[in-house]
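A short worksheet on the structure shown next.
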Amino acid sequence: MSYREVYEGWKSDPEAFWMKAADAIDWDTPPSRALNDSNAPLYEWFTDARVNTCWNAVDRHVKAGRGDQVALIHDSPITNSTHKITYAALKDRVSRLAGALRAKGVETGDRVIIYMPMVPEAVEAMLACARIGAIHSVVFGGFAANELAVRIDDCAPKCIIAASCGLEPGRVVHYKPLLDGAIELAEAKPEFCVIFQREQQVAELIDGRDVDWHGFQAGVEPADCVPVEGDHPAYILYTSGTTGQPKGVVRPTAGHLVALHWTMKSIYDMDPGEVFWAASDVGWVVGHSYICYGPLIAGNTSIVFEGKPVGTPDAGTFWRVIADHKVKSLFTAPTAFRAIKREDPKGEFLGKYDLSSLETLFLAGERADPDTIEWAQDKLGVPVIDHWWQTETGFAIAANPLGIEKLPVKIGSPSVPMPGYDVQVLNDEGHPLPKGELGAIAVKLPLPPGTLPTLWNAEERFKSSYLSTFPGYYETGDAGMIDEDGYLYIMARTDDVINVAGHRLSTGAMEEVLASHRDVAECAVIGATDALKGQLPLGFLCTNAGTNRPDEEIVAECVALVREKIGPVAAFKHAVVVDRLPKTRSGKILRGTMVKIADSQDYKMPATIDDPAILDEIKLALQGIGYAKA
Ligand code: COA
Ligand code: AMP
């Protein structure tokens, strides 16, 4: 069947489409129907089924006789080690960890925060939670104590599983002080913490609260898989919104299983036994869907990579991993390729490795710029497939579905909507726009299985953030267009979210931190274009009247404050002190115009601007730090 036939087939009978996809899952109680619209505009999928995610990701492959197949490969150029775990071993390790968690009182529905670097134990911790129906929430290691504390308070975990440290090039990230600091800051205290000690730094445990990863598993009864209801939350993943309070995206169990399994063949063209590598981090949605769950549910081998595209040790690392493990499909963010291209523009490292196993490169997480796509295509000699999705959806909204039909690639477009998504481009009044016109991208409700049914403990926020602007639609927060052939183009965000090295960050959250500095009266943060990371945050500070400290001192403190409060991942390194911020007459800060000035682009003088002269001041200040070239 062609893509068009599959898509139209879904559209004419979504219920039949998803019930058929559900056949690929091992159910304890099969669903009697797919969609539950009894509470519209909130939807659920496979509500009356009972199922266990860990069974489908691990045990069933062992039962089917594939226990000796490698499930996970930990490849860590940072520690110079590689370690393989078979499905049979994974089952043993996960059931023991799950048993130990249960022995300490963790039950179905309890939340467990996981704060770990790229070690296989992070994936095992996720699966162990799924095994007993506990709801995990993985927090990215590049977030600081304060961000961890916000998440602890929001989901009130019974337990936190953390590593003693993470390893960044040239620096050990001491997780334990961050964890202790976060628990100190948080009001909701976990009952206990499990610490995975790494040899690079053995952390001191707090008596009565912390247990050792290995020690607490000694002699426990391994846990079997506990079936849960179809709409039971598999996990919560916090993502940036427009304020400092992150949104807790809820992932429903059954829809997640069905949708991810469907994507592994239909989008990624993966068959059981083949090697899939998502070079991301378990702290992001890409890591959840395509380092942990997707490949394992489909019986693939998945790579847990602890390194960077460059500098660990060089720009050939990706090629070395592909060659060593016979990777069929690589999935990463364009920024990783920009980093490699910058170090090795001629692709000289490529010649050193046998890349014959590689069939496709998938890119997502940020806009894939044509230069990067063309360079990758040229150097690797394989199709480069851009696809577009979000933490909220958990899998691609638009892609080129290789396992169904390889459609012509149009550079600059993540191709076409996937079954489940009726994508529309709307004007401000919510009316669909003609082909080729730019507008807000929205998806007609209901969203497909596996996408967020709500936000954790925040149903009203879910409705106001996603469902209220365009009644009957899910608002993606992205703007773009659809061309004559039905290909989508994603051009920009419609909110304060910026994308830095494939990491989704909120300028609003950074503004909240800056505003807390004692000398800052008012501030704004924008995302300026960056050749490597796509965007970089840039701060504008207006100091309090009477502040007579040097600007550089205040800027340095603000940079340090964002790193301390949000974390190094914010990559907030530049700010300028200005007298005033450009505003409309009604007081709205003209961030869009500031972005254009920073990027040295032409801009139209906003008709509603309060005082046009401010823009010249902004330009001058930006020129002082290398932006807004004349
Ligand atoms: N734990 C602690 N700190 C972390 C971290 C983690 N897991 N991940 C990143 N950081 C730190 C970095 O060390 C860096 O610190 P620094 O300011 O002291 O240098 C800071 O956060 C910013 O990180 P990043 O923006 O990633 O920059 P980088 O210079 O370390 O690496 C790239 C740049 C492009 C190589 C890197 O971003 C990359 O490999 N991206 C690949 C794509 C990806 O992972 N996307 C995720 C979603 S798909
Ligand atoms: P995240 O939730 O971290 O996955 O970030 C999702 C956001 O990243 C989307 O809403 C887009 O703004 C952006 N994004 C992700 N993939 C793409 C893509 N292929 N092209 C353009 N933007 C993308």
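Here are the numbers for this structure:
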quantity	calculated
Every residue from the stretch 203-241 that is out of contact with any strand residue (DSSP E or B) (no Cβ under 9 Å at 6 or more places or on another chain) and either farther than 20 Å from residue 58 by Cβ or without any contact (Cβ under 8 Å) to a residue 12 or more places away in the chain (or both)	207, 215, 218, 219
Residue 304 being part of a strand (DSSP E or B), in contact with a helix residue (DSSP H, G or I) (Cβ under 9 Å, 6 or more places away or on another chain), away from ligand 2 (no atom under 13 Å from the Cβ) and open to solvent by less than 30 Å² (accessible area, probe 1.4 Å)	yes
Condition met for residue 562 (open to solvent by 10 Å² or more (accessible area, probe 1.4 Å) and under 22 Å from residue 506 (Cα atoms))	no
Members of the stretch 365-385 found to be among the acidic types (Asp, Glu), outside any helix (DSSP H, G or I) and surrounded by fewer than 20 Cβ atoms within 10 Å (Cβ to Cβ), listed by number	369
Odd one out for residue 154, checked against (1) in contact with a helix residue (DSSP H, G or I) (Cβ under 7 Å, 6 or more places away or on another chain); (2) away from ligand 2 (no atom under 16 Å from the Cβ)	(1)
Hits in the stretch 198-250 - residues which are assigned to a loop (DSSP other than H, G, I, E, B), small (Gly, Ala, Ser) and open to solvent by 30 Å² or more (accessible area, probe 1.4 Å)	208, 218, 219
Residue in the stretch 349-362 that is within 16 Å of ligand 2 (Cβ to nearest atom) and either small (Gly, Ala, Ser) or touching a Pro at 6+ places or on another chain (Cβ under 8 Å) (or both) present	yes
Given (1) in contact with an Asp or Glu (Cβ under 6 Å, 6 or more places away or on another chain); (2) of a type in the set (A, V, I, L, M, F, W, C); (3) surrounded by fewer than 19 Cβ atoms within 10 Å (Cβ to Cβ), number of the condition residue 350 does not satisfy	(1)
Residue in the stretch 163-175 that is within 16 Å of ligand 2 (Cβ to nearest atom), modelled with pLDDT of 95 or more, closer than 23 Å to residue 303 by Cα and not aliphatic (A, V, I, L, M) present	no
Per-region count, the stretch 476-527, residues more than 18 Å from the chain's Cα centre (by Cα), in a strand (DSSP E or B) and under 22 Å from residue 389 (Cα atoms)	8
Identity of the residue in the stretch 454-475, surrounded by fewer than 20 Cβ atoms within 10 Å (Cβ to Cβ), of a type outside the set (Gly, Ala, Ser) and outside any helix (DSSP H, G or I), that ends up farthest from the chain's Cα centre (by Cα)	471
Subset of the stretch 334-364 that is touching a strand residue (DSSP E or B) at 6+ places or on another chain (Cβ under 7 Å) and part of a loop (DSSP other than H, G, I, E, B) - its residue that is nearest to ligand 1 (Cβ to nearest atom)	364
Condition met for residue 344 (of a type outside the set (A, V, I, L, M) and either free of Cβ contacts under 8 Å to residues at least 60 places away in the same chain or loosely packed, with under 15 Cβ neighbours inside 10 Å (or both))	yes
Unique residue being among the aliphatic types (A, V, I, L, M), at pLDDT 95 or above and in contact with a Leu (Cβ under 9 Å, 6 or more places away or on another chain) when the list is 458, 524, 515	524
Qualifying residue in the stretch 342-356 (condition: under 30 Å from residue 239 (Cα atoms) and under 22 Å from the mean Cα position of the chain (by Cα))	no
Residues of the stretch 161-197 satisfying the condition of being under 23 Å from residue 305 (Cβ atoms), more than 13 Å from ligand 1 (Cβ to nearest atom) and surrounded by fewer than 21 Cβ atoms within 10 Å (Cβ to Cβ)	197
Cross-chain or 6+ apart pairs with Cβ under 9 Å, the stretch 451-464 first and touching a residue at least 40 places away in the same chain (Cβ under 8 Å), then of a type in the set (Asp, Glu) and surrounded by fewer than 22 Cβ atoms within 10 Å (Cβ to Cβ)	453/231
Residues satisfying the stated conditions in the stretch 342-388, i.e. over 25 Å from residue 265 (Cα atoms), touching a Gly at 6+ places or on another chain (Cβ under 8 Å) and basic (Lys, Arg)	352, 379
Output for the stretch 531-542, where each listed residue is assigned to a strand (DSSP E or B) and away from ligand 2 (no atom under 15 Å from the Cβ)	536, 537, 538, 539, 540, 541, 542
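The values are calculated or read from the model by the stated rules, or taken from the named source; none is laboratory data. Not measured: the values here are computed from a predicted model. FYI the Cβ positions are ideal-geometry reconstructions off the backbone, even for glycines, and counts take in every protein chain you see. Protein only, heavy atoms only, side chains kept; ligands, DNA and RNA dropped before computing areas. Shrake-Rupley method; radii C 1.70, N 1.55, O 1.52, S 1.80 Å.
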